[in-house]
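Below is one structure; the comments refer to it alone.
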Amino acid sequence: MRVAVTGATGFVGRHVVARLLERGHAVVASARNDERARAMPWIERVDFIRCDLHEDFRPLLAADADALIHLAWPGLPNYRDYFHVDRNLVADIRFLKAAVDRGWRQLMVAGTCLEYGMRYGPLTEDMATSPTTPYGFAKDALRKALQLLQKESPFVLQWMRLFYMYGDGQNPASLLGQLNKAIDEGRATFDMSMGDQLRDYLPVEQVAVNFVLALENPQCEGVINCCSGKPISVIDLVSQRCRARASPIELNRGHYPYPDYEPLAFWGVPSKLAGLNGRSA
């Protein structure tokens, strides 16, 4: 299969491209930054197209592809700014409609667990959404817009709803990114929240495996929770990383308040991925 990937040099994208190549797929990789693309270990094995989707997506659409994995979304991890609605959402609708008009009939798009809003406990793929942030709202609205478009121009839509991730290439401002920096710098303490939140984390390499597994099974449509299904407390996650790095750093719990846009405890139920893996959710 020949697959176009937007946001190919991002945290998830770089691993998705690597997994696609590992599985024998041809890849058209797209990103805004040439220099960053040239640093990717797979750059000589893909057709790279420098393209800012907000300015002109025609160079990417000129490429031949059997499927599209759309990961590009500027401005993260700022979840609260309205530009997600008035810029990113509008640009994505325009681009993805053009991709469908171009004849691309399998679209895989990254969603977010923030589409669920302030819902506690296990979150299923068929659960109603109620986003409370501009980012969550924009992603939720994009999914619904694409579902409406399917009625006019049928295509496969695979909405990969991402939860939390960690691994190579993660944002330095992420929790584990900040912890790694504090350990590298030999700091005595690490400031954090109380850490009692329950979250759903996956290594980014497994996220990439899940994306390609779903892509190779186009009968698996609609919302697909890309998660572990196993809640872990933030303090346990941080403590595990400290032990793995043999760090004596002291955790200063309670320094930061809990985020007000997330419930204290939530995790995903990956029913569709579990089915593809031959397991029960």
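Here are the numbers for this structure:
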{"read-out": "Degrees separating the helix 175-184 axis from the principal Cα axis of the chain, which is the longest one", "value": "60"}
{"read-out": "Relative exposure of Lys151, Lys230, judged by other C-beta atoms within 10 Å (fewest first)", "value": "Lys151, Lys230"}
{"read-out": "Computed magnitude of the charge dipole of the chain (debye, nearest 20; Cβ of K, R +1, Cβ of D, E -1)", "value": "280"}
{"read-out": "0 to 90° range, to nearest 10: angle between helix 11-22 axis and the chain longest Cα axis", "value": "60"}
{"read-out": "The chain: angle of helix 204-215 to the longest principal axis, Cα-based, in degrees nearest 10", "value": "30"}
{"read-out": "Assigned charges on the beta-carbon of Lys, Arg, Asp, Glu; the range 1-98 dipole about Cα centre (debye)", "value": "180"}
{"read-out": "Relative exposure of Phe11, Phe57, judged by other C-beta atoms within 10 Å (fewest first)", "value": "Phe11, Phe57"}
{"read-out": "Least to most buried among Thr189, Thr132 (fewest other Cβ within 10 Å first)", "value": "Thr189, Thr132"}
{"read-out": "Peptides ranked, highest mean first, by Cβ atoms within 10 Å: ranges 201-208, 41-48, 244-251, 212-219", "value": "201-208, 212-219, 41-48, 244-251"}
{"read-out": "Gaussian network model of the chain, Cα within-10 Å springs - most flexible of Cys220, Cys242, Cys113", "value": "Cys242"}
{"read-out": "Residue with peak Gaussian network fluctuation, the chain [Cα springs, cutoff 10 Å], from Ser130, Ser30, Ser228", "value": "Ser130"}
{"read-out": "Among Gly24, Gly229, Gly117: highest mean-square fluctuation, GNM of the chain, C-alpha pairs under 10 Å", "value": "Gly24"}
{"read-out": "For the chain, calculated [θ]222 nm from helices alone, where every DSSP H run of n ≥ 4 adds -39500 (n - 2.57)", "value": "-9500 deg cm²/dmol"}
{"read-out": "Cross-link reach list, lysines versus Lys181, counting only Cα pairs under 29 Å and skipping chain neighbours closer than eight places", "value": "Lys230"}
{"read-out": "Distant-in-sequence amide H partners of Trp267 (H built 1.01 Å from N, under 5 Å)", "value": "Gly121, Leu123"}
{"read-out": "Within-13-Å neighbourhood charge of Arg199 [Cβ basis; K, R +1; D, E -1]", "value": "-3"}
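Every read-out reported here was derived from the displayed coordinates using simple, explicitly stated rules and does not represent laboratory data. Small disclaimer: the values here were computed from a predicted structure and weren't measured. We place every Cβ from the backbone using ideal geometry, glycine too, and count neighbours over all the protein chains shown.
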